[in-house]
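Reviewing the structure listed below.
The values are calculated or read from the model by the stated rules, or taken from the named source; none is laboratory data. None of the values given here were measured: they were computed from a predicted structure. Here the Cβ positions follow ideal geometry from the backbone for every residue, glycine too, while neighbour counts run over all protein chains shown. Side chains included, ligands, DNA and RNA excluded: accessible areas come from the protein's heavy atoms. Shrake-Rupley method; radii C 1.70, N 1.55, O 1.52, S 1.80 Å.
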Amino acid sequence: MMSTYLKIDILPVGRRVLFLATCLGLLAGCKRAHNSSATPAAEPAAFGTPEKDLPETCEGILEKLQSGSPEIPPQGVEEALAYLQKPAPAASGEESSAEYFNLVIGLLLAQPAAVERLSGTLLAVADDPAVSPILQDYALQHFFHAWARDPNLQGKSEMESRLKREIDDGKGPLCGTALLTACRMFEAEMPITGPRGQRVRPLGSSPGIVPASRTVAYRRDDFIHSALRISSDRSGLPAVRTSAFNVLLRLGVRTSLAPARSVASDISEPELVRCAAVAVLGSLGEPAGDRKLLESIPLEPALVRTAAELALSRLADSSSRP
């Protein structure tokens, strides 16, 4: 059985059916929202290969990982980097390639000396239109992990610029992942302390990342403005708009209440987008006014009604707090 030691908060394309729980803030593990209905390019090149095609050193690395040891020799680092840059045979399954691509990235993130070079590889994968969309998506997600591990990362500004470019466009299937990745960067700036004043790691964040240890050059106000624009753009992909509402909720942006109210009450909006808007109302809304809106949502579609009931419960909890 494959070890999950280094599978860091990544969800494969086929496992996005938990949007409702994610939008309601009940599932901390969802870090991406990519258009699962998009048709991939014909015979895309894919970085990474199935395990049987790994170099001998990489096979040994995987065995060490499965035994719980993340340390690898310099030669292993070189082979792992080369592995990420080697296109898979056309006959290789995308899911298999993506799994090992993700695993080897996690392996390199555990090697401090390799993070700088890994960041260059991630940028190359994210910018290569010939690469499979799922691997581009994984590369964008891993920007955060590389960014958070090395305070002097030379590729930091390039990573932030790549995310900003995707978000500014707002139309592509990778925009949802870019929104969520940038959101994690802003969350990492927020100092979080426990009941005795100790620094704690946010729920759902990865081990080895110290909150408030990094700064983001991408202006927070610009990011929030883009997320608000994308959340209300009816021409946008539903999964991307869902991500936009999700990050607005996570960052506590109360100016998102107006678009959330509009979307939540509009029966012509996609169900998942309405669920995300309802989640914003449940977490950031006003107990009196937003309760009436949530109670007015009809029984059908059931997904939106369930989201409304959970949001009403959260509103009730917030109104009862001192």
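Residues of the stretch 263-321 that are more than 21 Å from Gly252 (Cα to Cα), of a type in the set (A, V, I, L, M) and within 26 Å of the chain's Cα centre (by Cα): Leu303, Val304. Going through (1) at pLDDT 95 or above; (2) more than 27 Å from Asp137 (Cβ to Cβ) one by one, Ser231 falls short only on (2).
When you scan the stretch 283-311, how many residues do you find that are open to solvent by 30 Å² or more (accessible area, probe 1.4 Å) and small (Gly, Ala, Ser)? Counting residues in the stretch 283-311 that are open to solvent by 30 Å² or more (accessible area, probe 1.4 Å) and small (Gly, Ala, Ser) gives 5. Go through the stretch 127-137 residue by residue and tally those that are assigned to a helix (DSSP H, G or I) and either modelled with pLDDT under 90 or open to solvent by 10 Å² or more (accessible area, probe 1.4 Å) (or both). The number of residues fulfilling the criteria is 5. Looking across the stretch 155-175, the residues that are crowded, with 18+ Cβ neighbours inside 10 Å, more than 14 Å from the chain's Cα centre (by Cα) and charged (D, E, K, R) come down to Lys156, Glu160, Arg162, Lys164.
Take the conditions (1) open to solvent by 10 Å² or more (accessible area, probe 1.4 Å); (2) in a helix (DSSP H, G or I); Pro151 misses just one of them, which is (2). Among the residues of the stretch 269-282, the ones that are surrounded by fewer than 20 Cβ atoms within 10 Å (Cβ to Cβ) and touching a Leu at 6+ places or on another chain (Cβ under 6 Å) come to 1 in all.
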